[in-house]
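Below is one structure, written out as structure tokens, with a few remarks after it.
The values are calculated or read from the model by the stated rules, or taken from the named source; none is laboratory data. Owing to the predicted nature of the structure, the values given are computational and were not obtained by experimental measurement. Neighbour counts are summed over all protein chains in view; Cβ atoms, including those assigned to glycine, are modelled from backbone coordinates with ideal geometry. These area figures cover heavy atoms from the full protein model, side chains too; ligands, DNA and RNA do not enter into them. Shrake-Rupley method; radii C 1.70, N 1.55, O 1.52, S 1.80 Å.
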Amino acid sequence: MPVPVRPALALGCASAFSALPGAFYHRVAETTGSTWSTVWLFTGHGLAGTLALTVLLARSGRPLAPRALPVLLVADAAAGLLLVLAPAPGGFGLLLAGRLLTGALLGLITTLATGLLLAAPGGSRVAVAMIFGGVGVGSLGAGLLSGAGWSRAAVLGLGVAGLICAATVVLLDPGRPEHLEREAPVSGGETSNRAVALAFVSNGVLALFTSTLPGVVADHGSGSALLAGSTAGIVMLAAGGARLGLTRLPATAGLGVAVIGVFLFGAGLAHGGVPLLLAGGLLLGAAAGIGYDAALNLSSGVIGLHAVQRGGQLGLVLPVLVYPLVVR
């Protein structure tokens with residue numbers, strides 16, 4: 001059974017849209033005079049997704065109907081208009097409201113689309129590639145467009161248009177109109193604490209590289225949105241590409257890759273070397289992608305999938321909250 005294309009498209013587009021504001025976070029922090037603005041914008045998004053997944057778990061393992069996917073994409077686009085309307089370079093209030101709504105919707109889209117992909121052989125690798133690769137493309141694209149002179153509203157408006165296009169394709173694609181219904185995941189299932197921990201740690205690494213650490217790398221370079229967005233983009237593309245391209249690499253190899261990545265990133269911080277920082281981030285992203293894929297493969301059924309993804313959502317929140325308390 002081939003991997004379904006439409007859930008993969010929905011997952012990639014929604015993930016990419018979620019990453020677009022990240023390239024502009026350091027500008028919001030400069031306007032508000034506090035790095036906590038970045039923390040709340042990022043963790044609010046993750047907390048909303050966690051709440052959405054908690055509600056799904058409370059539904060006794062009943063999966064969302066596959067036909068809800070285009071509806072969720074349109075709702076995500078509508079919520080994204082709050083991000084477009086937020087006045088630059090600040091606009092913290094509207095940005096936070098938009099991030100809360102889009103975070104909850106991303107949690108629902110991710111769970112539904114991932115469940116549909118896991119129904120096909122090799123679907124977990126595609127799901128990881130779409131989630132992390134989508135965030136990487138969004139981060140890198142936002143940085144490049146910002147560097148080319150695009151405003152924040154224009155970048156986010158392009159993302160809203162992309163979600164509408166994705167929803168249209170998912171709804172109207174005449175290729176296999178019945179497969180969204182046929183490939184719904186089964187109910188029930190379970191997961192292990194190891195799987196939840198893997199998802200938490202993997203997403204924790206990636207959360208830092210899409211929230212606060214791009215600003216750290218940018219401070220060691222030109223301080224531009226281009227470098228900040230490129231940092232997050234490189235890391236996330238590495239996360240998505242590692243498991244899609246290195247299909248024969250055992251999950252335990254991710255630990256060795258992570259150790260080397262930590263060493264290179266630490267050396268970059270100590271010596272102010274942007275290339276070392278980027279190289280370390282790339283390896284840490286690859287290790288995170290391998291770990292998250294392993295977590296998905298350790299889960300089973302809707303309940304197991306929801307538990308792993310809720311652990312992953314918490315990984316998007318807690319490390320980012322702790323970071324400013326530890327690093328001053």
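Exactly one of these conditions fails for A199: (1) buried (at least 23 other Cβ atoms within 10 Å of the Cβ); (2) modelled with pLDDT under 80. Give me its number.
Evaluating A199 over (1) buried (at least 23 other Cβ atoms within 10 Å of the Cβ); (2) modelled with pLDDT under 80 leaves (2) as the failure.
Please work out if L41 is buried (at least 21 other Cβ atoms within 10 Å of the Cβ) and not polar (S, T, N, Q).
Values: buried (at least 21 other Cβ atoms within 10 Å of the Cβ): yes; not polar (S, T, N, Q): yes.
Yes.
Quick check, is G90 surrounded by fewer than 19 Cβ atoms within 10 Å (Cβ to Cβ), touching a helix residue (DSSP H, G or I) at 6+ places or on another chain (Cβ under 6 Å), under 25 Å from L213 (Cα atoms) and modelled with pLDDT of 80 or more? Steps first, please.
Details: surrounded by fewer than 19 Cβ atoms within 10 Å (Cβ to Cβ): yes; touching a helix residue (DSSP H, G or I) at 6+ places or on another chain (Cβ under 6 Å): yes; under 25 Å from L213 (Cα atoms): yes; modelled with pLDDT of 80 or more: yes.
Yes.
How many residues are touching a helix residue (DSSP H, G or I) at 6+ places or on another chain (Cβ under 7 Å), open to solvent by 10 Å² or more (accessible area, probe 1.4 Å) and outside any helix (DSSP H, G or I) when one looks only at the range 66-87?
Going through the range 66-87 one residue at a time, the tally reaches 0.
Is it the case that some residue within the range 125-138 is among the hydrophobic types (A, V, I, L, M, F, W, C), surrounded by fewer than 24 Cβ atoms within 10 Å (Cβ to Cβ) and outside any loop (DSSP other than H, G, I, E, B)? Give the steps one after another, and end with the answer.
As a first pass, look at the range 125-138 and keep what is among the hydrophobic types (A, V, I, L, M, F, W, C): 126-132, 135, 137.
Imposing the further condition that a residue be surrounded by fewer than 24 Cβ atoms within 10 Å (Cβ to Cβ) reduces the set to 137.
Pick out the ones that are also outside any loop (DSSP other than H, G, I, E, B) and you get 137.
Yes; the residues of the range 125-138 include at least one that is among the hydrophobic types (A, V, I, L, M, F, W, C), surrounded by fewer than 24 Cβ atoms within 10 Å (Cβ to Cβ) and outside any loop (DSSP other than H, G, I, E, B).
Return a yes/no flag: does the range 12-24 have any residue that is modelled with pLDDT of 85 or more, open to solvent by less than 20 Å² (accessible area, probe 1.4 Å) and within 20 Å of G304 (Cα to Cα).
No - not one qualifying residue is present in the range 12-24.
Taking the condition of being over 16 Å from V326 (Cα atoms), in a helix (DSSP H, G or I), more than 11 Å from the chain's Cα centre (by Cα) and in contact (Cβ under 8 Å) with a residue 24 or more places away in the chain, how many residues in the range 203-222 meet it?
5
Among the residues of the range 109-123, is there at least one that is surrounded by fewer than 22 Cβ atoms within 10 Å (Cβ to Cβ) and over 27 Å from L172 (Cα atoms)?
no
Looking for something out of contact with any Lys or Arg (no Cβ under 9 Å at 6 or more places or on another chain) and open to solvent by less than 10 Å² (accessible area, probe 1.4 Å) - is there at least one such residue anywhere in the range 321-328?
There is no residue in the range 321-328 that is out of contact with any Lys or Arg (no Cβ under 9 Å at 6 or more places or on another chain) and open to solvent by less than 10 Å² (accessible area, probe 1.4 Å).
Based on this model, can you work out whether V216 counts as touching an Asp or Glu at 6+ places or on another chain (Cβ under 9 Å), under 25 Å from P87 (Cα atoms), at pLDDT 75 or above and not hydroxyl-bearing (S, T, Y)?
Values: touching an Asp or Glu at 6+ places or on another chain (Cβ under 9 Å): no; under 25 Å from P87 (Cα atoms): yes; at pLDDT 75 or above: yes; not hydroxyl-bearing (S, T, Y): yes.
No, not satisfied.
Which residue pairs have Cβ atoms under 8 Å apart, sit 6 or more places apart or on different chains, and have a first residue in the range 66-87 that is within 11 Å of I109 (Cα to Cα) and a second that is of a type in the set (S, T, N, Q)?
P70/T168; D76/T102
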